[in-house]
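Worksheet for the structure shown next.
The values are calculated or read from the model by the stated rules, or taken from the named source; none is laboratory data. The shown structure was predicted, so the numbers you read here are calculated from the model rather than taken from an experiment. Heads up: the accessible areas ignore ligands, DNA and RNA and are worked out on the full protein's heavy atoms, side chains in. Shrake-Rupley method; radii C 1.70, N 1.55, O 1.52, S 1.80 Å.
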Amino acid sequence: MSSVGTPGEGQYWYNVSTKTVEKGPQSDWSQLLGPYDTVAEAEAAMAKVQARNEAWDEAEEDDQ
């Protein structure tokens, strides 16, 4: 008999409300970024989001 775990259980998530990394999704999905394979990737989540937002803003400015 095989056991089925919670989806994302062995992965890491960044909680945007608490600004902490969670192992496995512990909070409401609307507060999480991820999944990530490592703690370091999850810790860098907001920096990655900010970089993408800046790139999109620059692309919009170039289109005008």
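Over the chain, accessible surface divided per residue gives 78 Å², non-protein components excluded, 1.4 Å probe. What angle do you read, to the nearest 10 degrees and between 0 and 90, between the alpha-carbon axis of helix 45-63 and the longest principal axis of the chain? Rounded to the nearest ten degrees, it is 30.
Straightening the chain between Thr20 and Gln50 buys 9.1 nm, computed as 0.36 nm per residue apart minus the Cα-Cα spacing.
Taking the chain, how much of its Cα-Cα pair set, in percent, is spaced more than 14 angstrom apart? All intermediate terms of the calculation are to be shown ahead of the outcome.
Working: 1219 of 2016 pairs.
For the chain, the share of Cα pairs beyond 14 Å comes to 60 percent.
From its DSSP helices (H runs of at least four residues, each -39,500 (n - 2.57)), the chain gives a residue-normalised ellipticity at 222 nm of -11500 deg cm²/dmol. How many percent of the accessible area of the chain is carbon or sulfur, using a 1.4 Å probe? That share works out to 48 percent.
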